[in-house]
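The values are calculated or read from the model by the stated rules, or taken from the named source; none is laboratory data. Note that the structure is a prediction, hence the values are computed from the model and not measured. Here Cβ is always computed from backbone atoms with ideal geometry, including for glycine, and neighbour counts include all displayed protein chains. With ligands, DNA and RNA removed, areas are computed over all heavy atoms of the protein, side chains included. Shrake-Rupley method; radii C 1.70, N 1.55, O 1.52, S 1.80 Å.
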Amino acid sequence: MKRTEIGTSIKKAKLLLDRSEIVSIPTETVYGLAANGNNKQAIAKIYAAKKRPLSNPLILHYKDASSAFKDVTIVPKDAETLAENFWPGPLTMLLPKKQTIPDSVTAGKKRVAIRVPQHKLCQALLETLAYPLAAPSANLYGRISPTSPAHVKEQLNKRIPYILDGGICEKGIESTIIGFENDTPIIYRLGSISIEEIEACIQKNIRLKNKPENNQEVLTSGMVKHHYAPNTIMLSIAEKHEGKNLENCGFIGFDTLHPDFPNENQFLLDENGNLDAAAKELYRAFHIMDAKKFSSIYIQFLPDIGIGKAVNDRIKRAIQKYNS
Ligand code: TXA
Ligand code: MG
């Protein structure tokens, strides 16, 4: 395939998608790799371009809640309330799918993941389309999610024809995934909308089920340990590093430089200590620090509140890759 083009033309993106091609699209969380969600051939191209296992289902993106709910058979009361509060926005809901949805979208599962994204350019594109967009994050399988067109191109150059440039993603962390088991809400992936916000919205305590239980199939790739990791070894700064030569090590910190590392080896997620701003920078920090080829990267956890929990979840998985 030819070099991947980056541009801001909705018309061009639509033309390609209408022809069953795949296009990278901006969303407020991370860039997606999109195809016509009603078209099996187009969907197959997503799996091929990402080298993603066919067992890992895709999220369908809709222009509004009413079109999203038309594709499912049951909408619990809480799902309605959540949609009213958080759509358009970074919340994905798992609900029982209608038969009309191709099995390749859901990898044969009975529930489909639906979401109404908030990004203006993405919304404008969805408005012009007669179908929802199936879209996973626009990275190669197992690699870091991209939050800018340049990061998409780094991984998918010549594997896709077009990247719709919507700038840097506002949130920087994937959407929160919620579903219902016997009407009880359960979070399967921590994300841009915090548990606290969801609990306040539906006035219920919510269970978190983002690790595979004994013998349970891996429900979302967010549950896979090694996900979200750079290639460089990542270690928690809380672990012992005294006596080690840190000249060739990187440090990703929250808001304060670390005295043990050379300043030029450090990346602060947000100097002002703002959690949202830090979340927006996390994957960019992974990308940039990975490219510096340090012997290892030390990283600091954020305060474990709000979106800090979702960031810490990604950091934990990145570190665990090297501890398992
Ligand atoms: O913020 C986001 O959610 C981004 C943007 C592009 O919308 N998308 C994203 O997609 O992160 P992806 O495929 O990288 O992660 C979606 C997760 C996967 O772990 C997948 O296994 C899970 O959602 N998922 C999708 N459909 C599912 C289903 N029917 N049942 C269970 N898990 C599902
Ligand atoms: Mg992903």
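Using a 1.4 Å probe, what is the accessible area per residue for the chain, in Å²?
44
Our coupling estimate for the stretch 126-136, obtained by passing each phi through the Karplus curve with A = 6.51, B = -1.76, C = 1.60 and θ = phi - 60°, is 4, 4, 8, 9, 9, 8, x, 9, 7, 7, x Hz, Gly and Pro reported as x. Derived scalar couplings between HN and Hα for the stretch 69-75 equal 5, 5, 8, 10, 8, 10, 10 Hz in order, rounded to whole Hz, by the Karplus curve 6.51 cos²θ - 1.76 cosθ + 1.60 (θ = phi - 60°), x for Gly and Pro.
Which percent, to the nearest 5, of DSSP beta bridges fully inside the chain are antiparallel?
45
The phi torsions of the stretch 175-181, fed into the Karplus equation with coefficients 6.51, -1.76 and 1.60 and a -60° offset, translate into couplings of 5, 7, 10, 10, x, 10, 10 Hz, rounded to whole numbers, with Gly and Pro shown as x.
Per-atom-type breakdown for the stretch 5-208 gives carbon and sulfur 51% of the accessible area (1.4 Å probe, protein chains only).
Distances between every pair of Cα atoms in the stretch 258-324, grouped in 10 Å steps from 0 to the bin holding the largest one, split as 19, 53, 28, 1 percent. Rounded to the nearest 10 degrees, the angle from helix 275-291 to the longest Cα principal axis of the chain is 70 degrees. A DSSP coil position with no more than 13 other Cβ atoms inside 10 Å describes the following chymotrypsin sites (Phe, Trp or Tyr not before Pro) in the stretch 295-324: Tyr322.
Quick one: dipole size for the stretch 249-324, taken about the Cα centre, charges +1 on Lys/Arg Cβ and -1 on Asp/Glu Cβ, in debye to the nearest 20. Walk me through the numbers on the way to the answer.
On the way: 9 positive and 10 negative charges, 89 e Å.
Rounded to the nearest 20 debye, it is 420 debye.
Spin-label pair Ala277-Gln203: with each label point 7 Å from Cα along the Cα-Cβ axis, the two points sit 3.7 nm from one another. Modelled spin labels at Glu247 and Thr8, positioned 7 Å past Cα toward Cβ, are 4.6 nm from each other. Per the 1.4 Å probe, what fraction of the accessible area of the stretch 234-320, in percent, lies on carbon and sulfur atoms? Ligands and nucleic acids excluded, carbon and sulfur reach 47 percent.
Spin-label pair Asn157-Asn56: with each label point 7 Å from Cα along the Cα-Cβ axis, the two points sit 2.3 nm from one another. Average projection, convex hull of the Cα set of the chain: 16.5 square nanometres. For the stretch 90-218, the pair-distance distribution built from all alpha carbon pairs, in bins 5 Å wide starting at 0, is 2, 8, 15, 20, 20, 18, 11, 4, 1, 0 percent. Once divided by 2.2 N^0.38 Å, the Cα radius of gyration of the stretch 82-121 becomes 1.31. For the stretch 24-127, the Kirkwood radius over C-alpha pairs fed into Stokes-Einstein at 25 °C and 0.890 mPa s yields D = 175 µm² per second. Taking GluC sites (Glu not before Pro) in DSSP loop conformation with at most 16 other Cβ atoms inside 10 Å as exposed sites, the chain has its longest uninterrupted site-free stretch at 1-212. In a simple Cβ point-charge model (Lys, Arg +1; Asp, Glu -1; nothing else charged), the chain has a dipole of about 1600 debye relative to its Cα centre. Note on the stretch 1-82: Cα Rg divided by 2.2 N^0.38 Å, N the number of residues, gives 1.26. Which stretch or stretches of the stretch 123-146 have amide N atoms under 17 Å from the point lying 7 Å from Asp18's Cα along the Cα→Cβ direction? Of the residues in the stretch 123-146, 124-133 have backbone N under 17 Å from the label point off Asp18.
For the chain, the longest principal axis of the C-alpha atoms and the axis of helix 307-320 are separated by about 70°.
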